[in-house]
1. For a footprinting-style exposure proxy, rank Val4, Val27, Val63 by other Cβ within 10 Å, fewest first.
2. Would you list, by chain and number, the lysines whose Cα falls below 30 Å from the Cα of Lys49, excluding same-chain residues fewer than 8 positions away?
3. Straight-line reach only, C-alpha to C-alpha below 18 angstrom: list the aspartates and glutamates that Lys34 could link to, leaving out same-chain residues fewer than 8 apart.
4. Identify all aspartates and glutamates with a Cα-Cα distance to Lys14 below 18 Å; exclude those on the same chain that are fewer than 8 residues away in sequence.
Amino acid sequence: MIRVKAVYENNMLKPLEKLDLEEGEEVEIELKRKGEPKRDILSYAGLLKDLSEEEERLFHEAVKRRSLFGRALNL
């Protein structure tokens, strides 16, 4: 993953630093406006506080099977 700041000028995003990409390489872009808060998975942790033991066990099993953000989570 490459994270880089850019400016939007003349209907184009212009990176503020050199990108280590091959000519014609296809990429996927996710935009976040400057100053916009980051989506942090920990901010959702309160949603899980009232799980029963069985629900918590099922949740942990699901997380272990699922790859998020390109890597498995270790709980």
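Read the figures in this text as sums done on the coordinates, not as results from a lab. Note that the structure is predicted; figures quoted are calculated from it, not measured. A quick note on method: Cβ atoms are made from the backbone with ideal geometry, for glycine too, and the neighbour counts reach across all protein chains shown.
1. Neighbour counts put them in this order, fewest first: Val27, Val4, Val63.
2. Answer for Lys49, where 30 Å is the Cα cut-off: Lys32, Lys38, Lys64, listed by chain and number.
3. Within the straight-line limit of under 18 Å, Lys34 reaches these aspartates and glutamates: Glu9, Glu17.
4. Glu22, Glu23, Glu25, Glu26, Glu28, Glu30
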